[in-house]
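Asks: I have a structure here, written as structure tokens, and I will follow up with some questions on it.
The values are calculated or read from the model by the stated rules, or taken from the named source; none is laboratory data. Treat the numbers as computed from the prediction; the structure is a model and nothing was measured. Virtual Cβ from ideal backbone geometry, glycine too; neighbours counted across all protein chains shown. All accessible areas refer to the heavy atoms of the entire protein, side chains included, with ligands and DNA or RNA removed. Shrake-Rupley method; radii C 1.70, N 1.55, O 1.52, S 1.80 Å.
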Amino acid sequence: MNDKQLSGEFTWSMLGDIGKGREHLGENMPVLVYRLFQYTMRATLVRAYGKDEMIRLFRESGRLAGEEFAKNVLDLQLDWNHFIAQMQSSLKDLQIGVLRFEEVDSNSGHMILTVGEDLDCSGLPISGECVCNYDEGFLAGILSVYTDKPYSAVEIDCWARGDRVCRFEADPKPGKD
Ligand SMILES: [Zn+2]
């Protein structure tokens, strides 16, 4: 164990050798288990810190996940079009969702991304609110690492609001979240 792990900081190696450890059960598990973890964690954070802080913490952990995912899994040397294709295929392979880039303004860096069949929210009862705060951070984290600009992303459509896909507006501005 290194110093970072001892201090509680995240390192990719913390995820362990899943295939080795789950020789018979395998690397996959039902979405139900992931959602049970996520939504009980959200409820517990709301109880402890209030809803705004829960949302902030989920975005922040999503961002850390996106940054580490980009650094450890994605090929950052690819040009933009190949990078987009790689992002789409890895999110699909990992069953996170079906990613599309709806708009990309190469001058301002403004983007609109959609995620279909999103892991976090597709099929949720309609609450009227966007709930994919982890995804907001995750997408922003990946874009920040690839573009080397501090990106933020805000979800504007969500299954939990009655939409069929989750839609995110991403901008290279610090401090928006
Ligand atoms: Zn959503």
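Asks: Can you tell which of Cys130, Cys158, Cys166 is within 14 Å of the ligand (Cβ to nearest atom) and either open to solvent by 30 Å² or more (accessible area, probe 1.4 Å) or in contact with a Pro (Cβ under 8 Å, 6 or more places away or on another chain) (or both)? Don't jump to the end; show me each part of the working.
Replies: Values: Cys158 fails: either open to solvent by 30 Å² or more (accessible area, probe 1.4 Å) or in contact with a Pro (Cβ under 8 Å, 6 or more places away or on another chain) (or both); Cys166 fails: either open to solvent by 30 Å² or more (accessible area, probe 1.4 Å) or in contact with a Pro (Cβ under 8 Å, 6 or more places away or on another chain) (or both).
None of the others qualify; the one that does is Cys130.
Asks: Scanning for something within 15 Å of the chain's Cα centre (by Cα), more than 11 Å from the ligand (Cβ to nearest atom), open to solvent by less than 50 Å² (accessible area, probe 1.4 Å) and among the polar types (S, T, N, Q), does the stretch 140-151 turn up at least one residue?
Replies: yes
Asks: Somewhere in the stretch 92-102, is a residue basic (Lys, Arg), on the phi < 0 side of the Ramachandran plot and modelled with pLDDT of 95 or more? Outline the logic, then answer.
Replies: Step one: filter the stretch 92-102 for residues basic (Lys, Arg), giving 92, 100.
Narrowing further to those that are on the phi < 0 side of the Ramachandran plot: 92, 100.
Now narrow it down to the ones that are modelled with pLDDT of 95 or more: 92, 100.
Yes, the conditions are met somewhere in the stretch 92-102.
Asks: Anything in the stretch 1-28 that is surrounded by 10 or more Cβ atoms within 10 Å (Cβ to Cβ) and among the hydroxyl-bearing types (Ser, Thr, Tyr)? List them, or say none.
Replies: Thr11, Ser13
Asks: Here's a follow-up. Name, by its number, the condition in (1) farther than 27 Å from Thr11 by Cβ; (2) among the aliphatic types (A, V, I, L, M); (3) touching a helix residue (DSSP H, G or I) at 6+ places or on another chain (Cβ under 8 Å) that does not hold for Leu78.
Replies: (1)
Asks: Ala48 is checked against (1) surrounded by 11 or more Cβ atoms within 10 Å (Cβ to Cβ); (2) among the hydrophobic types (A, V, I, L, M, F, W, C); (3) part of a helix (DSSP H, G or I) and fails just one. What number does that condition carry?
Replies: Among (1) surrounded by 11 or more Cβ atoms within 10 Å (Cβ to Cβ); (2) among the hydrophobic types (A, V, I, L, M, F, W, C); (3) part of a helix (DSSP H, G or I), the lone unmet condition for Ala48 is (1).
Asks: Considering only residues that are surrounded by 11 or more Cβ atoms within 10 Å (Cβ to Cβ) and not aliphatic (A, V, I, L, M), look in the stretch 29-45 and name the one that is nearest to Leu94 (Cα to Cα). If you could, list the steps in order and put the result at the bottom.
Replies: Residues of the stretch 29-45 surrounded by 11 or more Cβ atoms within 10 Å (Cβ to Cβ): 31, 34-36, 38-39, 41-45.
Subsequent filtering for residues that are not aliphatic (A, V, I, L, M) retains 34-35, 38-39, 42, 44.
Working: Tyr34: 13, Arg35: 15, Gln38: 17, Tyr39: 20, Arg42: 23, Thr44: 27 Å.
Looking at the filtered set, the residue picked out is Tyr34.
Asks: Is it the case that Phe69 is touching a Gly at 6+ places or on another chain (Cβ under 9 Å) and outside any loop (DSSP other than H, G, I, E, B)?
Replies: Values: touching a Gly at 6+ places or on another chain (Cβ under 9 Å): yes; outside any loop (DSSP other than H, G, I, E, B): yes.
When the stated conditions are applied, Phe69 passes them.
Asks: Which of (1) within 16 Å of the ligand (Cβ to nearest atom); (2) in a helix (DSSP H, G or I) is the odd one out, the single condition Leu124 does not satisfy?
Replies: Evaluating Leu124 over (1) within 16 Å of the ligand (Cβ to nearest atom); (2) in a helix (DSSP H, G or I) leaves (2) as the failure.
Asks: Would you mind stating whether Phe101 is among the aromatic types (Phe, Trp, Tyr), farther than 15 Å from Leu139 by Cα and free of Cβ contacts under 8 Å to residues at least 40 places away in the same chain? It would help to see each step written out before you state the result.
Replies: Numbers: among the aromatic types (Phe, Trp, Tyr): yes; farther than 15 Å from Leu139 by Cα: no; free of Cβ contacts under 8 Å to residues at least 40 places away in the same chain: yes.
When the stated conditions are applied, Phe101 does not pass them.
Asks: OK, next. State whether one or more residues within the stretch 90-113 are of a type in the set (S, T, N, Q), crowded, with 19+ Cβ neighbours inside 10 Å and more than 12 Å from the chain's Cα centre (by Cα). Step through it out loud before you land on a result.
Replies: Within the stretch 90-113, the first condition is being of a type in the set (S, T, N, Q), and the residues that meet it are 90, 95, 106-108.
From what's left, crowded, with 19+ Cβ neighbours inside 10 Å: none.
The answer is no; no qualifying residue exists.
Asks: If you go through the stretch 66-89 one residue at a time, how many are surrounded by 12 or more Cβ atoms within 10 Å (Cβ to Cβ) and touching a residue at least 40 places away in the same chain (Cβ under 8 Å)?
Replies: The number of residues fulfilling the criteria is 10.
Asks: Those residues that are open to solvent by less than 40 Å² (accessible area, probe 1.4 Å) and either more than 18 Å from Leu94 (Cβ to Cβ) or β-branched (Val, Ile, Thr) (or both), I need them from the stretch 114-127; list them, please.
Replies: If we filter the stretch 114-127 for residues that are open to solvent by less than 40 Å² (accessible area, probe 1.4 Å), which is where we start, we get 114-116, 118-122, 124.
Hits for the stretch 114-127 are Thr114, Val115, Leu124.
Asks: If you don't mind, there's one more thing I want to ask. Kindly evaluate Asp135 against the criterion of being closer than 25 Å to Trp12 by Cα, out of contact with any His (no Cβ under 8 Å at 6 or more places or on another chain), open to solvent by less than 10 Å² (accessible area, probe 1.4 Å) and within 16 Å of the ligand (Cβ to nearest atom).
Replies: Working: closer than 25 Å to Trp12 by Cα: yes; out of contact with any His (no Cβ under 8 Å at 6 or more places or on another chain): yes; open to solvent by less than 10 Å² (accessible area, probe 1.4 Å): no; within 16 Å of the ligand (Cβ to nearest atom): yes.
Against the criterion (closer than 25 Å to Trp12 by Cα, out of contact with any His (no Cβ under 8 Å at 6 or more places or on another chain), open to solvent by less than 10 Å² (accessible area, probe 1.4 Å) and within 16 Å of the ligand (Cβ to nearest atom)), Asp135 does not qualify.
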